[in-house]
Amino acid sequence: MLSGSELWLLRLMADRGLALLDADGLIVVIEDQGELRVAAASGGVAPRVRIVPLRSSSLGTLYAGGQPLALDRPRGPEAAWLHELGIEARAVLAEPFEMETGGGFERADREALGAFAASVSQRLKAERSVEIERLRFGMQARENERTRWAREIHDESIQGIGALRLQLANARDVEDAEALRSAVDAVLEGLGHEIDGLRHLITELRPAALDDLGLQAALEALARRSQAIDGLDVTTELDLSALAGAEGNGNRHGGAERLDPELESTVYRVAQEALTNVSRHAEATHAVVAVTVVGDALELTVRDDGRGLPDESRLGPRGDGLEGGFGMSGMRERAELVGGELEFLPAPEKGALVRLTVPLSARGAALSR
């Protein structure tokens, strides 16, 4: 199954291949799970049938032969594969890679199409290699993130609760009422700390404020937590008032403008990961989280006064991910899923700037709450 980027590349190649030929149309057929599928078509030729079985079909026989084919006024059995696709043609050129036989197209056309087919193959291999590497890196990052959560729960919460259990057991065995009361008071205080720690972990996984109060309240709470836990001074500049005048893009909930849940979650997670990177890697003292609506697009920026963007030794396989976590690569994947664009830039004076831009019209109407 081809990815969206591979299909886009095939369509682009079909358009460019047609420009090389004096022809009415060009189609690209690929093999996929025992079937032959029309993956791209350009020009005035539109196949009425886009999927043909690989076996027991004339097109499958032509494909299995792997040989170029040129036909003038195809008819009868030689035109059977065209009929399977629902295409009528005065002349046909089929080119797996190279072609040396005569036909209705000029030799220069055949050589150009042969080179074009080879370039398509090479580009698809390169595209698939990058996609596989990106998916592998993403899976590894997610495994690392799960490992981190497991380690934090084990090292912090479970160890802390275990120590409180031992403290209660020791006080019980001493059979001293005063010591037991003192131990109970200490354990209750310790349990309060452990509950606060678990709440923090749960909030990082899915903040309740995002569901209940919306993006603005969730980002403000995120800024307060970053300052309390990491000691990073975070300022918020949040203005979603323009949504009120953009029909279909925002809805009110409790007096605040709301975006659709997926977009709110994406903006929050990108801001959260950006602040995490600032705290861990940037050596910064101050960060600013800003959200605004500019024209038809929502824009999130996170800028800091730290040491700037990472050097090449700390980038992932796509050149955009910090090693050891989701980092920049995970943020970019989130942006792509909502049709947005993510940029990593030097800040105007000092530090780094992360900017997420999402066209609102492309997402349709936001969901009412």
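Maximal additional length on extending the E189-S361 stretch stands at 56.8 nm, based on 0.36 nm per residue less the C-alpha distance.
Near L360, the amide H atoms lying under 5 Å from its own belong to A297, L298; only residues 5 or more places off or on other chains count, and H is placed 1.01 Å from N. With the highest mean first, a sort of the peptides 184-196, 8-20, 62-74 on other beta-carbon atoms found within 10 angstrom per residue produces 8-20, 62-74, 184-196. Of E336, E220, the order by accessible heavy-atom surface (1.4 Å probe, DNA, RNA and ligands excluded), from most exposed downward, is E336, E220.
Suppose R0 equals 30 Å; then what is the FRET efficiency for Q227 and E143 from their Cβ-Cβ distance, rounded to the nearest 0.05? Computed FRET efficiency for Q227 and E143 comes out at 0.50. Length available on full extension from E78 to R55: 0.36 nm per residue minus the Cα-Cα distance, which gives 6.6 nm.
How would L309, L219 rank on accessible area, largest to smallest, probe 1.4 Å? Display every interim value, and only then the final one.
Working: L309 75, L219 5 Å².
Largest to smallest exposure gives the sequence L309, L219.
When nucleic acids and ligands are ignored and a 1.4 Å probe is applied, K125 ends up with an accessible area of around 140 Å².
Modelled spin labels at E156 and E262, positioned 7 Å past Cα toward Cβ, are 3.1 nm from each other.
The values are calculated or read from the model by the stated rules, or taken from the named source; none is laboratory data. Model, not experiment: these values are computed from the prediction. In this analysis, Cβ positions are derived from the backbone assuming ideal geometry, glycine residues included, and neighbour counts consider all displayed protein chains. Remember, those area values only see protein heavy atoms, side chains included, never the ligands or the DNA or RNA. Shrake-Rupley method; radii C 1.70, N 1.55, O 1.52, S 1.80 Å.
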